[in-house]
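The values are calculated or read from the model by the stated rules, or taken from the named source; none is laboratory data. All values derive from a computational prediction rather than experimental measurement. Ideal geometry is used to build each Cβ from the backbone, glycine not excepted, and the neighbour counts take in all protein chains shown. We work out accessible area using only protein heavy atoms, side chains counted, and drop any ligands, DNA or RNA first. Shrake-Rupley method; radii C 1.70, N 1.55, O 1.52, S 1.80 Å.
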Amino acid sequence: MKKILVIGCPGAGKSTFSRKLSATTGLPLYYLDMIWHLPDRTTLDREEFVRHISHIMNGDEWIIDGNYLHTLPLRLSYCDTVFFFDIPVDICLSGAEARVGKEREDMPWIENELDSEFRRWIMDFPATQLPVIRQLLAEYSRKVNINVFHSRDEADAYIESL
């Protein structure tokens, strides 16, 4: 377990888990949101984003936290382990709401509100994102160790077992 992806709906607890996993394993942690989003609230172009994460993935050890489906097949081809947070939407929404107004190391700004577009994206996640994620995980299941968490307690128990 040296090249790890942590994926799932926003607000599921991915970043908290990733920080704990990094602290426990000593593996360097990279947040895709910190790469994609710039402090001025613009984003990198897709080519630059892919170049940046490709550079990270060429390293020997890493944890990459985040979804970004357009790069998931590429990241799955490099990783050896996936932690997939398959958490109910209501928990994800409350998780996203709880971090409003708080400084975070996984975002380059403080969100002052949970805007309606992002709320809708979380609510639509099971219909728009989960089928693609599940299909990709099925395709890579013979090459990659896949761990699925259905609750934050399961994720915490995993960390405690290390």
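Counting only C-alpha contacts under 8 Å and six or more residues apart, can you give the relative contact order of the chain as a whole percent?
On the way: 232 pairs, mean separation 56.2, N = 162.
Reported relative contact order: 35 percent.
What shape does the chain have by the C-alpha gyration tensor, where a ≥ b ≥ c are the square roots of the eigenvalues, rounded means a/c under 1.5, and otherwise prolate means a/b greater than b/c and oblate the rest?
Working: a/c = 1.32, a/b = 1.16, b/c = 1.14.
The shape class here is rounded.
Describe numerically, in nm with one decimal, the distance between label points set 7 Å from Cα along Cα→Cβ at Gln135 and at Glu103.
Result: 4.2 nm between the two label points.
Rounded if a/c is under 1.5, else prolate if a/b beats b/c, else oblate: with a ≥ b ≥ c from the C-alpha gyration tensor eigenvalues square-rooted, which is segment 56-114? Intermediate results must be reported in sequence, preceding the final value.
Details: a/c = 2.73, a/b = 1.71, b/c = 1.60.
Taking the square roots of the gyration eigenvalues as a ≥ b ≥ c, segment 56-114 is prolate.
In whole percent, and with a 1.4 Å probe on the protein chains, what portion of the accessible area of segment 21-150 is carbon and sulfur? Don't skip to the answer; put the middle values down first.
Working: 3500 of 7070 Å².
Reported share for carbon and sulfur atoms: 50 percent.
Express in Å², to the nearest 10, the accessible area of Ile110 obtained by rolling a 1.4 Å probe over the protein heavy atoms while all chains stay in place.
70 Å²
Under 21 Å between alpha carbons, and skipping anything fewer than 8 positions from Lys2 in its own chain: which lysines qualify?
Lys14, Lys20, Lys143
Give the cysteines in the chain for which no other Cys Cβ lies under 4.7 Å away, or write none if there are none.
Those would be Cys79, since no other cysteine Cβ in the chain comes under 4.7 Å of theirs.
With a 1.4 Å probe and all protein chains left in place, how much accessible area per residue does the chain have, in Å²?
Working: 8470 Å² over 162 residues.
Per residue, the chain has 52 Å² of solvent-accessible surface.
To the nearest 500 deg cm²/dmol, what mean residue ellipticity at 222 nm is calculated for the chain from DSSP H runs of n ≥ 4 alone, each contributing -39,500 (n - 2.57), summed and divided by the residues?
Numbers: 8 runs with 80 residues, N = 162.
-14500 deg cm²/dmol, from helical runs alone.
Please state the shape class of segment 22-81: rounded when a/c is under 1.5, otherwise prolate if a/b exceeds b/c and oblate if not, all from the C-alpha gyration tensor. Write down the numbers at each step before the final one.
On the way: a/c = 2.08, a/b = 1.40, b/c = 1.49.
Cα axes put segment 22-81 in the oblate bin.
Just subtract the alpha-carbon distance of Arg142 and Thr128 from 0.36 nm times their residue separation and send over the number in nm, one decimal.
2.6 nm
Length gain on complete extension for the stretch Asp40 to Trp121, per 0.36 nm per residue less the alpha carbon to alpha carbon distance? Let's see the in-between values first.
Details: separation 81, 0.36 × 81 = 29.16 nm, distance 2.16 nm.
So the chain would gain 27.0 nm between Asp40 and Trp121.
About the Cα centre of the chain, what is the dipole size in debye to 20, counting +1 per Lys and Arg Cβ and -1 per Asp and Glu Cβ, all else neutral? Present the calculation step by step, with values, prior to reporting the outcome.
Details: 18 positive and 25 negative charges, 88 e Å.
In total the dipole reaches around 420 debye.
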